[in-house]
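K.L.:
Take a look at this one; I'll ask things after.
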Amino acid sequence: MGKNPKLTILFEKMRGRVFELDKDVLSAGRKEGVDICIKEGSLSSHHCDFIRTESGSYILRDNNSTNGTRVNNEPITERELQNSDIIQLGAVEMLYDCEDDGLSSANLRTHTIDLDSTALSNLSTTRELKNFSPFEANKLKKQKQQHAMMLVIIILCAVAVVALVGYLMFKIFSAQ
């Protein structure tokens, strides 16, 4: 293999950013300190590892990530990568490029989508992520607490109004 393989981000927010795979083991995730840091909520802190094989290609290994790792839209735990594979870490898609100048066109693969036979709802390779962000659970919990507090305040106000009306009625009827 002449050149180091590259990962090219296809995800809209970071489209075109390139990471060169130049170590025997590279870690990827959203946490500072990993080799490939992608600050996106659908990635786990230490989402996966890229491990160089003796032949110079890479194996992609998922680290029990929350939103999973996919290659060519298939969920994986570990898989050897091939040139032009589409990798998906959470909601972030990237292209694995290990093209060597010596490769023949027989080794190149093309991914094609037939738009006529594909339902419009299935065009995206990004699947629905139930745990899109690890911070979403905290946000929902906080919203539930706020709703409960508002309910308590409304009930207390209603009790205060009923008590005030009862007191006024008592004063009016006891004065007669």
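K.L.:
Which condition does VAL71 not pass, out of (1) open to solvent by 20 Å² or more (accessible area, probe 1.4 Å); (2) within 16 Å of the chain's Cα centre (by Cα); (3) modelled with pLDDT of 90 or more, if it passes all the others?
P.N.:
Condition not satisfied by VAL71: (1).
K.L.:
When the residues of segment 74-97 are narrowed to those that are more than 13 Å from HIS47 (Cα to Cα) and of a type in the set (S, T, N, Q), which ends up most open to solvent (accessible area, probe 1.4 Å)?
P.N.:
From segment 74-97, those more than 13 Å from HIS47 (Cα to Cα) are 74-75, 79-86, 93-97; that's our starting set.
Adding the requirement that they be of a type in the set (S, T, N, Q) leaves 82-84.
Working: GLN82: 91, ASN83: 20, SER84: 20 Å².
Top of the filtered list is GLN82.
K.L.:
Take the residues of segment 32-47 that are of a type outside the set (Gly, Ala, Ser) and within 13 Å of the chain's Cα centre (by Cα): which is surrounded by the fewest Cβ atoms within 10 Å (Cβ to Cβ)? It would help to see each step written out before you state the result.
P.N.:
Taking segment 32-47 first, the residues of a type outside the set (Gly, Ala, Ser) are 32, 34-40, 43, 46-47.
Checking the rest, the ones that are also within 13 Å of the chain's Cα centre (by Cα) come to 38-40, 43, 46-47.
Details: ILE38: 22, LYS39: 11, GLU40: 19, LEU43: 27, HIS46: 16, HIS47: 27.
Looking at residues that are of a type outside the set (Gly, Ala, Ser) and within 13 Å of the chain's Cα centre (by Cα), I get LYS39.
K.L.:
Quick check on LYS23: is it surrounded by fewer than 19 Cβ atoms within 10 Å (Cβ to Cβ), farther than 17 Å from THR69 by Cα and of a type in the set (Lys, Arg)? Full working, then the answer.
P.N.:
Details: surrounded by fewer than 19 Cβ atoms within 10 Å (Cβ to Cβ): yes; farther than 17 Å from THR69 by Cα: yes; of a type in the set (Lys, Arg): yes.
Considered against the rule, which asks whether it is surrounded by fewer than 19 Cβ atoms within 10 Å (Cβ to Cβ), farther than 17 Å from THR69 by Cα and of a type in the set (Lys, Arg), LYS23 comes out as yes.
K.L.:
Among the residues that make up segment 35-44, is at least one of them in a strand (DSSP E or B) and of a type outside the set (Phe, Trp, Tyr)? Spell out how you get there, then give the answer.
P.N.:
The initial filter retains those residues of segment 35-44 that are in a strand (DSSP E or B), namely 36-37.
Checking the rest, the ones that are also of a type outside the set (Phe, Trp, Tyr) come to 36-37.
Yes, the conditions are met somewhere in segment 35-44.
K.L.:
While we're here: Give segment 72-93 a look and list any residue that's among the hydrophobic types (A, V, I, L, M, F, W, C), in a strand (DSSP E or B) and under 18 Å from ARG15 (Cα atoms), or say none. Break it down stepwise before answering.
P.N.:
First, pick out the residues of segment 72-93 that are among the hydrophobic types (A, V, I, L, M, F, W, C): 76, 81, 86-87, 89, 91-92.
When the remaining residues are screened for being in a strand (DSSP E or B), the result is 76, 86-87, 89, 92.
Of everything in segment 72-93, those that are among the hydrophobic types (A, V, I, L, M, F, W, C), in a strand (DSSP E or B) and under 18 Å from ARG15 (Cα atoms) turn out to be ILE86, ILE87, LEU89, VAL92.
K.L.:
Mind counting the residues in segment 1-19 that are open to solvent by less than 100 Å² (accessible area, probe 1.4 Å) and not hydroxyl-bearing (Ser, Thr, Tyr)?
P.N.:
Filtering segment 1-19 down to residues open to solvent by less than 100 Å² (accessible area, probe 1.4 Å) leaves 2, 4-11, 14, 16, 18-19.
Filter once more, keeping what is not hydroxyl-bearing (Ser, Thr, Tyr): 2, 4-7, 9-11, 14, 16, 18-19.
Here the count works out to 12.
K.L.:
Take the residues of segment 131-158 that are of a type in the set (A, V, I, L, M, F, W, C) and not in a helix (DSSP H, G or I): which is modelled with the lowest pLDDT?
P.N.:
Pass one, segment 131-158, residues of a type in the set (A, V, I, L, M, F, W, C): 132, 135, 137, 140, 148-158.
Narrowing the set further to residues that are not in a helix (DSSP H, G or I) leaves 132, 135.
Numbers: PHE132: 59, PHE135: 63.
Among residues in segment 131-158 that are of a type in the set (A, V, I, L, M, F, W, C) and not in a helix (DSSP H, G or I), the one modelled with the lowest pLDDT is PHE132.
K.L.:
Now for a different question. Which count do you get for residues in segment 1-28 that are within 18 Å of the chain's Cα centre (by Cα) and closer than 18 Å to LEU81 by Cα? Full working, then the answer.
P.N.:
Applying the first criterion (within 18 Å of the chain's Cα centre (by Cα)) to segment 1-28 yields 7-15, 17, 27-28.
When the remaining residues are screened for being closer than 18 Å to LEU81 by Cα, the result is 7-10, 27-28.
Counting residues in segment 1-28 that are within 18 Å of the chain's Cα centre (by Cα) and closer than 18 Å to LEU81 by Cα gives 6.
K.L.:
Kindly indicate the residue of segment 51-68 that is touching a strand residue (DSSP E or B) at 6+ places or on another chain (Cβ under 7 Å) and in a loop (DSSP other than H, G, I, E, B) and also most open to solvent (accessible area, probe 1.4 Å) among those meeting that condition. Break it down stepwise before answering.
P.N.:
Filtering segment 51-68 down to residues touching a strand residue (DSSP E or B) at 6+ places or on another chain (Cβ under 7 Å) leaves 51-53, 57-63, 65, 68.
Subset that is in a loop (DSSP other than H, G, I, E, B): 53, 57, 63, 65, 68.
Numbers: THR53: 32, SER57: 15, ASN63: 48, SER65: 19, GLY68: 17 Å².
Filtering segment 51-68 for residues that are touching a strand residue (DSSP E or B) at 6+ places or on another chain (Cβ under 7 Å) and in a loop (DSSP other than H, G, I, E, B), the one most open to solvent (accessible area, probe 1.4 Å) comes out as ASN63.
The values are calculated or read from the model by the stated rules, or taken from the named source; none is laboratory data. A quick note: this is a predicted structure, and the numbers were derived from the prediction, not measured. Heads up, the Cβs are rebuilt from the backbone with ideal geometry, glycines too, and the neighbour counts pull from every protein chain shown. The accessibility values were calculated without ligands, DNA or RNA, using every heavy atom of the protein model including side chains. Shrake-Rupley method; radii C 1.70, N 1.55, O 1.52, S 1.80 Å.
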